[in-house]
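Structure, as structure tokens:
Taken together, the values in this text are just the output of simple stated rules run on the coordinates, not laboratory data. Predicted, not measured: the structure shown is a model, and the values here were computed from it. Here the Cβ is made from the backbone with ideal geometry for all residues, glycine too, and neighbour counts use every protein chain on show.
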Amino acid sequence: MCADDVPPLARPDLLSRRVQAIPASGIRRFFELIANMEGVISLGVGEPDCVTPRRFTDAAVRALADGQTHDTSNYGIPELRQAVSDHLDRLYGVRYDPASEILITTGVSEGLLLATHATLDSGDEVLCPDPYYVAYLPCVALAGGVFVPVPTDPENDFRVRAEDVEAHVTPRTKAILIGYPANPTGASMTRDDLLALADVAARHNLVVISDEIYDRLTYGLPHTCFASLPGMRERTILLGGFSKAYAMTGWRVGWACAPASAGGGPASGGDILEAMMKVHQYIIMSAPTPSQYAALEALRNGEDEVQTMVAEYDRRRRLIVDGFNRLGLTCFEPRGAFYAFPSVRSTGLSDHDFAERLLLEEKVAVVPGSAFGQCGVGHVRACYAAPYEQIEEALERIGRFVGRHRS
């Protein structure tokens, strides 16, 4: 066969080894399984079941009617950056200059990608509590970094210990990546937990990438913004957004904040934000314009909607956690987000088999805990951002399933 006859895609070196090494999402496989199944109750999708509040949507429609159909500044519209600054100051007493320290992103997912690409060189290590959100490892790997999981356990409510983080620090460690309240466990961090972690970051001169997308969804444990801790504003990349607390997953809008001066940190915060913006402007240009105006309305006038949703999630949280424990699927009390993370070891099934057979036999979708790291093995993630009545029915179905399979 001559060279011209060789199909171009037959070359094994065409695909990036870095991309090939990244595993497919363990969540997506279950989404594909339920796509053509009728009667499924999904506790797998990590997004609110309610639609975006009408006033937020109306703000986007008004913007479109007013001709706001062009790209904005790479950093986002000034009004939204100002609103983010005011919001963080009001809630946590930490303020960022909207002109130089805030970047509007297409959700926290993009913010994570920007943060890792802006800070990591090949071989730099990033420490992260395990279990972890499925995008964390790929974002680090795509930037050339080395993802280092730090084990947590249900006995400590899956809260990472500072001493465990420090035990994994090496000369190649560049950053700590934390997400709290956590996906998939619902674990949150106390202020004392975070102060101990801040001490590790300061002594080892590490960047902290703090994913706080679930900051408004807490239950009885007030959220502490990592950047508000003494000395941490100078070394933190703070990520937040609108998808969860404002029911705006499909709008794809979030924020990234970093300081304009180093203040003794590992690098100039201004340099970090500018580096993030450099990547952002070449892959995205700017966050969707109508979404930015919807987000602006959410920050200015959406607090009542947030409080209503939090109260309802709390009601569902108590239902599902109590239900799992009654069924013998041991579940610690999650203090944030909208996930429960029960152990399924009492059934004698692996977490993967439990999730797959539950879906096929009882048409309830959950996600295997192993999709979120080694410490998730033996657990499943169940999202309680589903209607209360559906959760009740799901628990009945799970009860039947467990009754058949308990070892």
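So the values come out like this:
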quantity	calculated
Set of region 202-240 residues, backbone N closer than 15 Å to the point 7 Å along the Cα-Cβ line of E303	216
The chain - charge dipole about Cα centre, Lys and Arg +1 at Cβ, Asp and Glu -1, debye rounded to 20	380 debye
Overall dimensions of region 246-367 as given by Cα atoms, namely Rg and Dmax in Å	21.2, 57
Debye equation applied to the C-alpha atoms of region 54-301, log10 I(q)/I(0) at 0.12, 0.15, 0.16 Å⁻¹	-0.64, -1.00, -1.14
Mean ellipticity per residue at 222 nm, deg cm²/dmol - from DSSP H runs of n ≥ 4 across the chain, formula -39500 (n - 2.57)	-12500 deg cm²/dmol
Cα-based shape type of region 87-230, given that a ≥ b ≥ c are square roots of the gyration tensor eigenvalues and the cut on a/c is 1.5	rounded
Residue order, fewest to most beta carbons within 10 Å, for K244, K278, K363	K278, K363, K244
Two-site label geometry, K278 and L221: point separation in nm, points 7 Å out along Cα→Cβ	3.8 nm
Label point at R90 placed 7 Å out along Cα→Cβ; residues across region 299-323 whose backbone nitrogen lies under 17 Å	299-310
Largest to smallest principal axis extent of the C-alpha atoms in region 180-308, angstrom	41, 41, 26
Extension gain, T170 back to R54 (0.36 nm per residue minus Cα-Cα distance, nm)	36.8 nm
Packing-based exposure ordering (other Cβ within 10 Å, fewest first) of M37, M189	M37, M189
